[in-house]
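The values are calculated or read from the model by the stated rules, or taken from the named source; none is laboratory data. Quantities reported herein were computed from a predicted structural model and do not represent experimental measurements. Cβ coordinates were reconstructed from backbone atoms using ideal geometry, including for glycine residues, and neighbour counts include every protein chain displayed. Heads up: the accessible areas ignore ligands, DNA and RNA and are worked out on the full protein's heavy atoms, side chains in. Shrake-Rupley method; radii C 1.70, N 1.55, O 1.52, S 1.80 Å.
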Amino acid sequence: MWNDASAYPYEDGKLFLGKSGGHDIGIKTERHAITIAGAGSGKGATVIIPNLLRWSHNALVIDPKGEAARETAKIRHEKFGQSVYVVDPFNISKVDKKFQASYNPLASLDPSSPTIKEDITAITDGIVMRADASASHWDDGAQRVINGLIGYVLLCLDPEEQTLIEVRKILRNAERFDKVIEEMRNLSGCAGVC
C-alpha cells in the first residue's frame, strides 16, 4: 500500500517513508513518528537520518549511538536555520561544540519549595537502579544518601557547583564525604533530606 509513489509522493512537510521505483514516498501526518526495530536493522540509515535531513520542523531524537546527531546537526542548523542541541555527556556523537548541550536537573530546584523532598526523590529515582526487590533496603539506603547529598549541594555550595557531578565527586572522595556528612548533621533545609 505505501509503496505507490503516485499515491503517496513525498513533498516538503511530509514524513519520508522511502523510495519506490526511484521516487520518494511520503505521507502527511500531524502525529508523532516512532521507529522500532532490532539493533543493526537500519533504522537510523533508512528512516531517522533521511527524515531529519528533510523534516524542517522540531524533532526530539533519542540517539544512543550518536549517528543521527553526527549526520544531521550541522545540516539542520544550516539548511533549516534551527537551533540544534545535542545532549551527549560522553561525546559519543562527536558533534561540533556549538551543538553540544547539557541539562542540570538541580538548577531548577528551590530548597524552600514545599515539594523539594519529592523533587529531589524524583531525580534520585532515575539514578538508583533497583534490581532485586528482596534487597530493596540497599537501594533505599543509596537513594537516601544521594537525596541528602543533593540537599547539601543545594544548601551549601555555590550555584555553579550545584550539580550531580558535584554529588558524584563527594561520593568518590572518602575524606570529603566524611566532612560533608558531619556538616549535614546540622542542616535543616530541603525538608530535612540532609
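What is the total of Lys pairs in the range 1-137 with C-alpha atoms under 12 Å apart, excluding same-chain pairs fewer than 8 positions apart?
The result is 6.
Quick check on the chain: helices-only [θ] at 222 nm, where DSSP H runs of length 4 and up contribute -39,500 (n - 2.57) each and the sum goes over total residues. Nearest 500, please.
Result for the chain, helices only: -11500 deg cm²/dmol.
Please report, in cubic angstrom per residue, the volume enclosed by the convex hull of the alpha-carbon atoms of the range 1-74.
110
Treating the beta-carbon of each Lys and Arg as +1 and of each Asp and Glu as -1, no other charges, what is the dipole magnitude of the range 30-107 about its Cα centre, to the nearest 20 debye?
Taking the Cα centre of the range 30-107 as origin, the dipole is about 120 debye.
Give the share of C-alpha pairs in each 5 angstrom bin for the range 46-89, from 0 to the last occupied bin, in whole percents, shortest bins first.
Bins of 5 Å from zero give 5, 24, 38, 23, 9, 1 percent of pairs.
Roughly how many Å² is the accessible area per residue of the range 114-194, as a whole number, for a 1.4 Å probe?
Dividing the accessible area of the range 114-194 by its residue count gives 63 Å².
For all pairs of alpha-carbon atoms in the range 97-142, what percent lies in each bin of width 5 Å, listed from the first bin to the last filled one?
5, 17, 20, 16, 14, 13, 10, 4, 2, 0
Bin width 5 Å, alpha-carbon pairs only: give the P(r) of the range 83-185 as whole percents, running from 0 to the bin holding the largest distance.
With 5 Å bins starting at 0, P(r) equals 2, 11, 18, 19, 18, 14, 10, 5, 2, 0.
Grab the eigenvalues of the alpha-carbon gyration tensor for the range 136-178, scale each by 5, take roots, and send me the semi-axes largest first in whole angstrom.
Semi-axes (√(5λ), whole Å): 19, 12, 8.
Could you list which residues have their amide H under 5 Å from that of residue 26, counting only those 5 or more apart in sequence or on another chain, with H placed in the peptide plane?
10, 17
Only Cα pairs under 8 Å and at least 6 apart count here; give the relative contact order of the range 47-89 as a rounded whole percent.
With pairs under 8 Å counted, the relative contact order is 37 percent.
Which percent of the accessible area of the range 74-115 is formed by carbon and sulfur heavy atoms (probe 1.4 angstrom)?
Exposed carbon and sulfur together represent 56 percent of the surface.
Taking the range 52-128, which trypsin sites (Lys or Arg not before Pro) meet the DSSP loop condition and have no more than 12 other C-beta atoms within 10 Å?
Taking the range 52-128 and a limit of 12 other Cβ atoms within 10 Å, the loop trypsin sites (Lys or Arg not before Pro) found are 65, 94.
Residues with amide H under 5 Å of residue 14's amide H, sequence separation 5 or more or different chain, H placed in the peptide plane at 1.01 Å from N; which?
Amide H to amide H, under 5 Å and 5 or more residues apart or across chains, residue 14 pairs with nothing.
Just to confirm, what accessible area per residue do you get for the range 1-95 at 1.4 Å probe, in whole Å²?
Heavy-atom accessible area per residue stands at 72 Å².
Which order do 139, 12, 119, 96 take by accessible area at a 1.4 Å probe, largest first?
Per-residue accessible area, sorted high to low, gives 12, 96, 119, 139.
In the range 88-181, what chymotrypsin sites (Phe, Trp or Tyr not before Pro) fall in a loop by DSSP, with at most 15 other Cβ atoms inside 10 Å?
Passing sites in the range 88-181 are 90, 103.
Quick one: angle between helix 67-80 and the longest Cα principal axis of the chain, in degrees between 0 and 90, rounded to 10, please.
70
How much of the pair distance distribution for the range 1-40 lies past 16 Å, counting alpha-carbon pairs only, in percent?
Of all Cα-Cα distances in the range 1-40, 40 percent exceed 16 Å.
Scanning the chain for GluC sites (Glu not before Pro) in DSSP loops with at most 14 other Cβ atoms within 10 Å, what's the longest stretch left with none?
31-194
Could you work out what % of the accessible surface of the range 132-189 is carbon and sulfur, using a 1.4 angstrom probe and leaving DNA, RNA and ligands out of the count?
The computed percentage sits at 51.
Across the range 46-52, in residue order, what do the Karplus-derived ³J(HN,Hα) couplings come to in whole Hz, using 6.51 cos²θ - 1.76 cosθ + 1.60 with θ = phi - 60° and x for Gly and Pro?
In residue order, the calculated couplings are 9, 10, 5, 5, x, 6, 5 Hz.
Identify, among 27, 87, 62, the residue whose Cα sits farthest towards the positive end of the charge dipole of the range 1-152, taking +1 on the Cβ of Lys and Arg and -1 on the Cβ of Asp and Glu, with the dipole about the Cα centre.
27
Quick one: what are the phi-derived ³J(HN,Hα) couplings along the range 125-133, Karplus 6.51/-1.76/1.60 with θ = phi - 60°, whole Hz, x for glycine and proline?
In residue order, the calculated couplings are 4, x, 8, 7, 7, 9, 9, 9, 4 Hz.
Could you tell me what a quarter of the Cα convex hull surface of the chain works out to, in nm² with one decimal place?
Orientation-averaged projected area of the Cα hull: 15.9 nm².
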